[in-house]
1. Going by the structure shown, is residue 28 in a loop (DSSP other than H, G, I, E, B), surrounded by 11 or more Cβ atoms within 10 Å (Cβ to Cβ), modelled with pLDDT of 95 or more and more than 11 Å from the chain's Cα centre (by Cα)?
2. Just one of (1) out of contact with any helix residue (DSSP H, G or I) (no Cβ under 6 Å at 6 or more places or on another chain); (2) within 22 Å of residue 146 (Cβ to Cβ); (3) small (Gly, Ala, Ser) trips up residue 12, so point out which.
3. All but one of (1) of a type in the set (Gly, Ala, Ser); (2) in a helix (DSSP H, G or I); (3) more than 12 Å from residue 37 (Cα to Cα); (4) in contact (Cβ under 8 Å) with a residue 40 or more places away in the chain hold for residue 61, so report the exception by its number.
4. Failed condition for residue 43, given (1) within 15 Å of the chain's Cα centre (by Cα); (2) surrounded by 14 or more Cβ atoms within 10 Å (Cβ to Cβ); (3) within 20 Å of residue 18 (Cα to Cα), with all others met?
5. Can you run down the residue pairs with Cβ atoms below 6 Å, 6 or more apart or on separate chains, where the first is in the range 130-151 and in contact (Cβ under 8 Å) with a residue 60 or more places away in the chain and the partner is loosely packed, with under 15 Cβ neighbours inside 10 Å and of a type in the set (Gly, Ala, Ser)?
6. Any idea how many residues of the range 56-102 are within 17 Å of residue 31 (Cα to Cα) and of a type in the set (Ser, Thr, Tyr)?
7. Run residue 62 past the list (1) surrounded by fewer than 20 Cβ atoms within 10 Å (Cβ to Cβ); (2) farther than 21 Å from residue 93 by Cβ and report the number of the one that doesn't hold.
Amino acid sequence: MRLDYRAALPEAVRAMNGLEQVVELSNLEPRLRELVKLRASQLNGCAYCVDMHTKDARAIGEDEQRLHLVAVWREAPFFTPRERAALVWTEALTLLSETAAPDAAYETMAHEFDPVEQVALTLAIVAINGWNRLAIGFRQPVGSYVSSRHP
């Protein structure tokens, strides 16, 4: 492991947790939030966060088959239109330098989410991308995470 960023600047972790709290208090469904976190983490190649959010999703009752298919969600029939819209938006914002957040992705997302949910979803994506960069940049050790989530 590289630097322990949590110990080096605990205020940063508190700020990130504050952002997470705003998202958790929103109307976004917990399973949807975990799918978004998992997909962004897959795209970013963050093993620590893929491990974490797979375990958290299982802990709140997410289906194992759906977890396996998040990476290929477009071809899998197991996701709702709302989840698909969230995943489209997740990919558009996570791959921002490639996509420039296209109008089609926004329109798909906006069709399924009200304005407050649109902001909450976007903040969820912002947060997980930030966590991914911290975990990858500082090489968080992978595999020992134990979920404290409950259904």
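The values are calculated or read from the model by the stated rules, or taken from the named source; none is laboratory data. Just so it is clear, the model here is predicted, and its values are computed rather than measured. A quick note on method: Cβ atoms are made from the backbone with ideal geometry, for glycine too, and the neighbour counts reach across all protein chains shown.
1. Details: in a loop (DSSP other than H, G, I, E, B): yes; surrounded by 11 or more Cβ atoms within 10 Å (Cβ to Cβ): yes; modelled with pLDDT of 95 or more: yes; more than 11 Å from the chain's Cα centre (by Cα): yes.
Yes: the conditions hold for residue 28.
2. Condition (2) is where residue 12 drops out.
3. All conditions pass for residue 61, except number (2).
4. Against the list (1) within 15 Å of the chain's Cα centre (by Cα); (2) surrounded by 14 or more Cβ atoms within 10 Å (Cβ to Cβ); (3) within 20 Å of residue 18 (Cα to Cα), residue 43 comes up short only on (3).
5. 151/61
6. Selection size over the range 56-102: 2.
7. Evaluating residue 62 over (1) surrounded by fewer than 20 Cβ atoms within 10 Å (Cβ to Cβ); (2) farther than 21 Å from residue 93 by Cβ leaves (1) as the failure.
Listed here are the residues, each with its yes/no results for (1) of a type in the set (Phe, Trp, Tyr); (2) under 20 Å from residue 146 (Cα atoms); (3) in contact (Cβ under 8 Å) with a residue 24 or more places away in the chain; (4) assigned to a helix (DSSP H, G or I).
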| position | (1), (2), (3), (4) |
| --- | --- |
| 39 | no, yes, yes, yes |
| 74 | no, no, no, yes |
| 125 | no, no, yes, yes |
| 128 | no, yes, yes, yes |
